[in-house]
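Okay, structure first, notes after.
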Amino acid sequence: MWFTSDNASGAAPEVMAAVTAANAGYARSYGADPFMDRARDQIREIFEAPEAAVYLVATGTVANALALSLLTPPWGAVFCHQHAHIAEDECGAPEFYMHGAKLALVHGAHGRMDPAALEAAIVKAKGGGVHGVQAAAVSITNVTEAGTVHSVAEVAALAGVARAHGLPVHLDGARFANALVATGATAAEMTWKAGVDVVSFGGTKNGCMGVEAVVIFDPAKAWEFELRRKRGGHLFSKHRFLSAQMVGYLEDGLWLRLAAHANAMGARLVRGLAQMPDVSLVHPAEANILFPEWGVGTHARLEAAGAAYYPFPAPMGRERARLVASWSTTEADVDQFLAALR
């Protein structure tokens, strides 16, 4: 009954097998290994982007931070949802790698930026003249931190606002596979075809040991990214162990199957919770993350039964939690949790 996060799960056996295979013999370092060649080809094929620049790093935080540093000068502002991961859970890393650029927080229901609110925030920033940070980029999260999912049309609407003001767009795809499974969209439809310039393509939360790809659809920015990655201390020497993870993750559609299972377990939780009269959901649960609310004393009962999850702030007289299903969550895990909740 472990629902703290999908990064609490182990690595998928196929990913571990790929790493073990890569451990044999010798390979060139710093990304010159043949596994990286394969991973780059796989990602370009998945995104229908044969010219895309593809780089691997070990964490989602640095994937986001380095990607945004490509798009934003030190005097710039990156517009993102007020509860975006880059705003609340990365300890100022984006601002650090952007050399002081700011995050401009935009409102929107259930974790999704509202296009009208984004438009207003950009217009306001542009009116600040030399005294204010300059509008520089937009960052969209999919799956959102509220467990909701941006459709292709919603990504395109936000990117359209950005484009109208000449701003590039970044997509934080730590749970990108879950978003694709939830919407039925392709990787290309959800990114460059909708107006996204750079995507952080996650693997860690969906069955990898620790690897994320930064996919840059304008290859003219590739060399700058390489320099920023090296200067920031995130160019791995034994890079083949990042590359091999990504190869195993993408081979034969494993990444989508893992995400489909996580989403299905999230849906199973939702169905079970819907049958309980004292339980409600704070946000629509559209992928593998959900935020239930229930009566006081429920946390203690679930903890005593062995459930692990994160409590969240709640109104007086209620309790809230965040539950995250993963590729390795089983039906038995879900059913045991629901039985303990009754």
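Data table
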{"item": "Residue check, residue 188 at pLDDT 95 or above, under 18 Å from the mean Cα position of the chain (by Cα) and farther than 25 Å from residue 102 by Cβ", "result": "yes"}
{"item": "Test result for residue 294, within 25 Å of residue 183 (Cβ to Cβ) and buried (at least 17 other Cβ atoms within 10 Å of the Cβ)", "result": "no"}
{"item": "Among (1) part of a strand (DSSP E or B); (2) touching a residue at least 24 places away in the same chain (Cβ under 8 Å) - the single one residue 329 does not satisfy", "result": "(1)"}
{"item": "Residues of region 43-67 satisfying the condition of being open to solvent by 10 Å² or more (accessible area, probe 1.4 Å) and among the polar types (S, T, N, Q)", "result": "59, 61"}
{"item": "Filtered residues of region 75-90 (kept if surrounded by fewer than 17 Cβ atoms within 10 Å (Cβ to Cβ) and under 19 Å from residue 123 (Cα atoms))", "result": "75, 82"}
{"item": "Helices (runs of 4 or more DSSP H) contained entirely in region 1-76, each with at least 1 residues that are under 20 Å from residue 195 (Cα atoms) and free of Cβ contacts under 8 Å to residues at least 12 places away in the same chain", "result": "34-46"}
{"item": "Residue that is surrounded by the most Cβ atoms within 10 Å (Cβ to Cβ) [pool: residues in region 273-291 that are within 21 Å of the chain's Cα centre (by Cα) and assigned to a strand (DSSP E or B)]", "result": "289"}
{"item": "Scope region 2-42; condition open to solvent by 30 Å² or more (accessible area, probe 1.4 Å), of a type in the set (A, V, I, L, M, F, W, C) and under 24 Å from the mean Cα position of the chain (by Cα); matching residues", "result": "2, 8, 16, 35"}
{"item": "Positions within region 308-342 being touching a Leu at 6+ places or on another chain (Cβ under 9 Å), more than 26 Å from residue 257 (Cβ to Cβ) and crowded, with 16+ Cβ neighbours inside 10 Å, in sequence order", "result": "321, 340, 341"}
{"item": "Residue tally, condition open to solvent by 50 Å² or more (accessible area, probe 1.4 Å) and either at positive phi or not small (Gly, Ala, Ser) (or both), over region 116-125", "result": "3"}
{"item": "Criterion violated by residue 261 - all others in (1) open to solvent by 60 Å² or more (accessible area, probe 1.4 Å); (2) more than 23 Å from residue 210 (Cα to Cα) satisfied", "result": "(2)"}
{"item": "Filter result (surrounded by fewer than 23 Cβ atoms within 10 Å (Cβ to Cβ) and β-branched (Val, Ile, Thr)) within region 126-140", "result": "130, 133"}
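The values are calculated or read from the model by the stated rules, or taken from the named source; none is laboratory data. All values reported here derive from a predicted model rather than from experimental measurement. Here Cβ is always computed from backbone atoms with ideal geometry, including for glycine, and neighbour counts include all displayed protein chains. Side chains included, ligands, DNA and RNA excluded: accessible areas come from the protein's heavy atoms. Shrake-Rupley method; radii C 1.70, N 1.55, O 1.52, S 1.80 Å.
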